[in-house]
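Okay, structure first, notes after.
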Amino acid sequence: MMTDFGVRRMNERLASFEKAQTDLNTGKRIRVASDDPVGMTRALSIRATLAANAQAKRNADDGRAWVEAADGRLGTIGDQLQRVRELLIVASNGTNGPGGATAVATEVTEIARSILALANSKRSGRPLFGGHISGDPVASVSGTWTYQGDTGPVNRRIAENEVVQVNMTGDEVFGFAAGQDVFTMLDQIVSQVNGGDTAGLRASIDAVDGALDRVLVARGRLGATANRIEQALFRQQADEVNLRSVLSETEDVDMATAIMELQLQQASYQAAQGALARSIQPSLAQFLR
C-alpha cells in the first residue's frame, strides 16, 4: 500500500513537473480548454476578432489600391484636358501659324486616344470606370461614343460597420450622364480646328472646363475615400496591438513565475522519488538479519 501510494504521488509530481516544463518551453499556459476554460473562451474570441481585423485590413489595402489606380488615371486625364484647353486658346486666337491647325488637330486626336485608353484601363481584369462589367466601358458604336458599363459600385468592407465605394463610373466621370461626353467633345474640337471654326473653338473651351470640373469632382471623392481608408488602417493597426497584448496576457506565461514553478515542481518530484525509494528499502532478508 505504501509503495502504491508512493508511486501514485510520484506520478502526480511528474505530471506537474512536465506541465511546468512544457509551459516554460512553449511560453503558453493555455494549450487545451481544460487548462483554463474561461481563458480559452476569451482567447478564441480575441483570435476571431484578430482574424476579422486582418480581413478588414486586406480589404482596405485592396480598396486603397483601387482608389490610387483610379486617381492616377484621372490625374493624367486632367493634365491632358488642360493641354487641350491650351491648344484651344492658341487655335481660337489664330496664333498657331501656318500648318498649325493640322498640328493642333493631330495632337488633340492623340490626346483623345490616350484618354480612351485610360478610360478603359483595368485592375485585376476589371475596368476601373466600368462598374460591374468585364469589358471596355467606353466604345464607339456605329460612330457614336457610348458608355457600355453600368453604375454598379465596387465596395470594400474596411471595418465591421464601415463599407466604402472605391470606384467611379465612367458615365459620371466622362460626362455621358450629362449628355456631354468628353470623347464626342474632342471629336468636335478636331473638326472645329480643321474647319477653322474660331467661334466654335471658343465655345469648346467652356466644354473642356466642364470636363475638367467632372474630373476634379471625381478625384475629390476618391480623395475622401482614401482618407477614410487610411483612418481605418490606422485604427486596425492600433486595435491589433491592443488585441495581441490582451491575448498575450490571457494565454502566455509569466517567464519569471514559470521558472520558479519549474524549480518548485522539480524539487517536489525529486522529493517524491526519495520518499518512494526510502519506503521500499526494507526487504524480508534485511528483516531476518
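Inspect the range 82-102 for any residue being open to solvent by less than 60 Å² (accessible area, probe 1.4 Å) and assigned to a strand (DSSP E or B) and give the result as yes or no. No: the range 82-102 contains no residue that is open to solvent by less than 60 Å² (accessible area, probe 1.4 Å) and assigned to a strand (DSSP E or B).
Quick one: is Gln192 within 21 Å of Glu110 (Cα to Cα), more than 37 Å from the chain's Cα centre (by Cα) and among the polar types (S, T, N, Q)? Spelling it out, Gln192 is indeed within 21 Å of Glu110 (Cα to Cα), more than 37 Å from the chain's Cα centre (by Cα) and among the polar types (S, T, N, Q).
Has the range 103-115 got at least one residue that is modelled with pLDDT under 95, among the hydrophobic types (A, V, I, L, M, F, W, C) and open to solvent by 40 Å² or more (accessible area, probe 1.4 Å)? Yes; the residues of the range 103-115 include at least one that is modelled with pLDDT under 95, among the hydrophobic types (A, V, I, L, M, F, W, C) and open to solvent by 40 Å² or more (accessible area, probe 1.4 Å). Just name the residue that is most open to solvent (accessible area, probe 1.4 Å) out of those in the range 144-173 that are over 23 Å from Gln188 (Cβ atoms) and among the hydroxyl-bearing types (Ser, Thr, Tyr). For the range 144-173, the residue satisfying everything is Thr151. Checking Asp62, Asp79, Asp71 one by one, the residue that is open to solvent by 20 Å² or more (accessible area, probe 1.4 Å), assigned to a helix (DSSP H, G or I) and closer than 16 Å to Glu172 by Cα is Asp71 and no other. Within the set Ala207, Ala218, Ala211, the sole residue that is more than 33 Å from the chain's Cα centre (by Cα), touching a residue at least 12 places away in the same chain (Cβ under 8 Å), buried (at least 17 other Cβ atoms within 10 Å of the Cβ) and part of a helix (DSSP H, G or I) turns out to be Ala207. So is Asp252 more than 30 Å from Ala65 (Cβ to Cβ), surrounded by 13 or more Cβ atoms within 10 Å (Cβ to Cβ), acidic (Asp, Glu) and modelled with pLDDT of 65 or more or not? Taking the combined requirement at face value, the residue satisfies it.
May I ask you to list the residues in the range 221-246 that are in contact (Cβ under 8 Å) with a residue 24 or more places away in the chain and under 17 Å from Gly72 (Cβ atoms)? Scanning the range 221-246 gives Arg221, Leu222, Gly223, Thr225, Ala226, Ile229, Glu230.
The values are calculated or read from the model by the stated rules, or taken from the named source; none is laboratory data. None of the values given here were measured: they were computed from a predicted structure. Here the Cβ is made from the backbone with ideal geometry for all residues, glycine too, and neighbour counts use every protein chain on show. Calculation scope for accessible area: heavy atoms of the full protein, side chains included, ligands and nucleic acids excluded. Shrake-Rupley method; radii C 1.70, N 1.55, O 1.52, S 1.80 Å.
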